[in-house]
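Worksheet for the structure shown next.
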Amino acid sequence: MSRRKRRRREEETVASNWLTTYSDMITLLLCFFILLFAFSEVDAQKFRSIMSSFRGGTGVLNSGSSLDMMDFEIEYMDEGDRELEELRELLEEYAGENGLGPEIILNVEERGLVIRFMDKVLFDSGKADLKPEAKEILDSVAEILNREEFKDKLIKVEGHTDTDPIVYSTTFPTNWELSAIRATNVLRYLVEENGIDGNRISSSGYSYHRPIAPNDTPENKQMNRRVDIVILKSIYEDMEPK
């Protein structure tokens, strides 16, 4: 073998060894940071986003015997997310047993678990007094919220209306008053009749300014007339006044 060919083969071997060592180092670092990440308290959606970025990346790990992140199906959910999911399942079971499925909507969203009541579940049209059957529903919701595993969760009660103006009421000059008083009455019932700690609950009225559907049909307006009880995730609890 000529000296030139021997030198070229030696250089290729050195280059190959360097890439192998580098690949091993990156793999170990990746595993280390995944472990650190798993031990920290983070949002599950952020974790999935980071994992997706690894899957779509390019570099040494994509060549040869690379580490394929698609082989890892890591389901990460922090303690707060697990509690909210458990709470949602309990409330779904209650709603189903009591025939309230279409009237109570449960979603785990960015801020936390949203318990959404269409206005006719809790109130008569244009009024803010809780109906007798509404109190029974709130009693059951409060019983679940007062359980040991949920009793420290912060709660926001939010009132919403459609864009139709208040016409025949002297009690509520505008939708601002109607939405705010509805939310406040739900809050008061949870605190005064069901023992929810007043330090963990607040209320707000948003009038028609936070719709979940366009206010262009009777059906959509009905969707916008609602009261939301939001069980906040821990990251949003820190934004609330203590």
inquiry  = Given the options 151, 156, name the one that is over 21 Å from residue 218 (Cβ atoms), of a type in the set (Lys, Arg) and at pLDDT 90 or above.
reply    = 156
ask   = For region 90-106, how many residues meet the condition of being over 19 Å from residue 219 (Cβ atoms), within 16 Å of the chain's Cα centre (by Cα) and outside any helix (DSSP H, G or I)?
value = 1
inquiry  = So, residue 133, is that one out of contact with any strand residue (DSSP E or B) (no Cβ under 9 Å at 6 or more places or on another chain), over 23 Å from residue 234 (Cα atoms), in the same structural domain as residue 232 (by TED's automatic domain parsing) and modelled with pLDDT of 90 or more or not?
reply    = yes
Among (1) closer than 25 Å to residue 87 by Cα; (2) buried (at least 18 other Cβ atoms within 10 Å of the Cβ), the one test that residue 192 misses = (2)
remark   = Residues of region 98-126 being within 16 Å of residue 186 (Cβ to Cβ) and surrounded by fewer than 14 Cβ atoms within 10 Å (Cβ to Cβ), in sequence order, are 124
Inter-residue pairs, beta-carbon under 6 Å, first farther than 15 Å from residue 83 by Cβ and in region 98-112, second outside any loop (DSSP other than H, G, I, E, B) and of a type in the set (Val, Ile, Thr), 6+ apart = 103/121; 107/114
query = Which residue, of 174, 184, 163, is surrounded by 16 or more Cβ atoms within 10 Å (Cβ to Cβ), at pLDDT 95 or above and either among the polar types (S, T, N, Q) or not assigned by TED's automatic domain parsing to the domain that holds residue 138 (or both)?
reply = 184
query = Is there a residue being in a helix (DSSP H, G or I), among the β-branched types (Val, Ile, Thr) and over 24 Å from residue 197 (Cβ atoms) anywhere in region 126-138?
reply = no
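The values are calculated or read from the model by the stated rules, or taken from the named source; none is laboratory data. What you see is a predicted model, and the numbers here were worked out from it, not measured in a lab. Backbone-built Cβ (ideal geometry, glycine too); neighbour counts: all protein chains shown.
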